[in-house]
1. Stretch Ile372-Glu476 to full length: gain in nm at 0.36 nm per residue minus the Cα-Cα span?
2. Could you give the accessible area per residue of the range 47-100, probe 1.4 Å, as a whole number in Å²?
3. Can you give the relative contact order of the chain as a percent, counting alpha carbon pairs under 8 Å and 6+ residues apart?
4. At 0.36 nm per residue, and after removing the present C-alpha to C-alpha distance, how many nm does the segment from Phe537 to Ala416 gain when stretched out fully?
5. Assign unit charges at the C-beta atoms only (+1 for Lys and Arg, -1 for Asp and Glu), then state the dipole size of the range 697-763 relative to its Cα centre in Debye, rounded to the nearest 20.
6. Can you compute the helix-only [θ] at 222 nm over the chain? Use -39500 (n - 2.57) per DSSP H run of at least 4 residues, normalise by all residues, nearest 500 deg cm²/dmol.
7. If the limit is 25 Å between Cα atoms, which of Lys494/Lys573; Lys353/Lys430; Lys673/Lys708; Lys172/Lys235; Lys353/Lys448 go over it?
8. Order 693-702, 368-377 from most to least packed using the mean count of other Cβ atoms within 10 Å.
Amino acid sequence: MVFGRQRKIWKKERKIWKVAKGVFGLFASAGLLFLIVIVGVYFYFSSGLPQIKTLEEYQPPVVTTIYSDDDHKIGEFYKQRRIVIPLKEMPDQLIHAFVAAEDARFYEHEGIDVFSIARAFFRNLEAGRIVQGGSTITQQVAKSFFLTPKQTYTRKIKEAILAYRIDKHFSKEEILFLYLNQIYLGNGAYGVQAAAQNYFNKSAKELNLPECAMLAGLPQAPSFYSPKAHPERAKERQIYVLTRMAAEGFISQDEATEAIQRKITMASKPEWFMENTPYYTEHVRKWIKAKFGTDALYTDGLKIYTCVDIKMQKAAQKSIEKGLRALDKRRGYRGPLLRLEKSEIEPYLQSLKKERGARKLFDGVITHGVVIDVDETEQRIMVRLGGAVGALPFSHMRWARQQAPEFSKETKTVKALAERLAVGDVIQVKLKKWQPSQGQWELRLEQKPNVQSALLCMQPENGHVKAMVGGRDFAESQFNRAVQARRQPGSAFKPIIYAAALDNGYTVASIIPDSPLVFENKELDYTWKPENYDKTFHGFTLFREGLIHSRNIVTLKILQDIGIDYAIDYAHKLGIDSHLDRNLALGLGASGVSLLELTEVYSVFANQGRRVEPVFVRRIEDRSGHVIYQAENEAERVISPATAYIMTHLLQKVVEEGTGWRVRALQRPAAGKTGTTNDLNDAWFMGYTPRCVTGVWVGFDQGRPLGKNETGSRAASPIWLDFMQQILSGKPQRVFHAPDNVVFTKIDAETGLLPIPASDEVIWGCFKKGTIPKRHTRSPDQITHEEFFKKGF
């Protein structure tokens, strides 16, 4: 009986064991099959995957940075705004914030977090599509460097394989270094350093806890959670990150609460390109692109050290704005910007207030306003400036006469306020002074100039271009009139002709008859009768007077004598690269040249006859700090020191006695020449001191007249003067030093010969040694041998 029961138990146990063996075998087979599948999938998807060793030489596209002459950043060029920094320059709170928000088990897993993958798998099954990734930081690195962002299971498998390999090959710190420098964080910023600058205007190492959490909340959806575009969403995401940091033990709950309550100030994205030196920076950009290529410019992280002086650049822009506004006012008032109906005034003012935002009004600001009252009795106009009010007195708008036709002598003055402005007019005004007793601003009527100007300043000894402004407003027009425009220089070209003559036998005392010239072309049925600007012929004229007083006829006769081909070759030798027409009009500046070229020419006179190519870039370094370009400042002797100095002496006299008289207000040694075209389309002043050479051009892009009497002296030299006064303020005076082979002697101002006691006017002449006049001026009572017999004595 017992034996029978025992036998039944054995049979039952054998049956259970058999079933267990079967189940075990089934699971073992399934496990083996699963392992085979996993291995097969691994090898299938592993084939063709990129080598992760390439990450060892991490050189992503980074920002190319441009610096001024004192090594301050003035510009950036990039396709991806990324600034790579080592992990040690990132605060621990920043690293912890990203880990807590993106991959809490980062330090525990081997590149793949199975729990996160499983959670995401079931979530996606439930949704019927991929809605959650479950990616680790290491997987994000793999995706960013090696894969596309497309959401597919195939890509996820490859991503996991690469992440595992990356985790085995690199340390956790190295992975974080790659991740935090590579990740896109919105607002054009790649990596935490660029993001810290864009959002908070500080470096990553300066970020506080709330700012760190704000950045760490961005990787999931940078645009959706942008703190600039969507501050509410960004705040919610920041709270999530701080909560995760507290839960993971990176910070305490009190620290999280304090950080949540702390206000964050967002900074505007730095506008490096537009802020200080747009025309200069754009010129450098084009030069770098042509010399090194597009990829080097936008991705190689070059460091470009330029010659630009930011203070001088700002002074140039200020002087141009001041000069053009003065010129524009001399032309008269073009009228209001808009004319509003009464029902439109309030909505416009509200939009103006909204546009201005938190920006405060202060003395000197030029802004828009709306006329709300015209009071003829009080001789003032009341203007609303958004939320503020201002009074525009009649005395501050007298210039606003109706624009007269070009060259008209008529100057209509404003006699009544209502002649020019009415209620509802949108006008431009300048805030002169706040009047607290009346709670309003004192205003001056302004208008935006439509004329253009360019200025270029360089150091003659080394060619360093210290300032360049290519137009009134880069935002409106990127055309660089200092480099790209070819305009007629007028009389500013004459010093080239006179320098060529000095090297062809002329002296400052040479006599040239200022008498009528007539040129006929019978084939074209054309007759040219050149005139002086004052429409007068001056008879026998000293060479020096021809330049000092800009005599057209004298210049043309000199050009006739020395030859057009000789003059053209001479101009090219001094720095003119543009094509020059082979005709006598060349002497009057009828061939177009650039401001850069003409400035280079005048620098030869200032540099004692040596020509130096204009230099915009001093040196360039690659991302590793190796110098790949260094400017060479080799000066080439193109004319003698004596010729250069005599030209400087004559151009000083242009300032002291001639058309450059306004520049005397500089009250220090200066040489220069005005330039005006016959139709008053272009106005120039080219001048220099022993420190720097500066050229100014003024004109309309359309090539129309500037207006009556708007010569180089009136339209251009005030801009030159204002700029030079700013940049030379507080600096000691320097003088032009004469070379050894130059001598001074007194000459008769009328004959150019050595003076006698009876000479009416005696002046100092500057000569090369051996060229001083040998003869004395004839006495009034002295007659020649020919005159003796002719008169029958």
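The values are calculated or read from the model by the stated rules, or taken from the named source; none is laboratory data. What you see is a predicted model; the values in this text were computed from it and never measured. Here Cβ is always computed from backbone atoms with ideal geometry, including for glycine, and neighbour counts include all displayed protein chains. With ligands, DNA and RNA removed, areas are computed over all heavy atoms of the protein, side chains included. Shrake-Rupley method; radii C 1.70, N 1.55, O 1.52, S 1.80 Å.
1. This chain segment gains 34.4 nm when fully extended.
2. 47 Å²
3. Value for the chain: 10 percent.
4. 39.1 nm
5. The dipole of the range 697-763 has a size of about 380 debye.
6. Only helices count here, giving -12000 deg cm²/dmol.
7. Beyond 25 Å between Cα atoms: Lys172/Lys235.
8. Result, highest mean Cβ count within 10 Å first: 693-702, 368-377.
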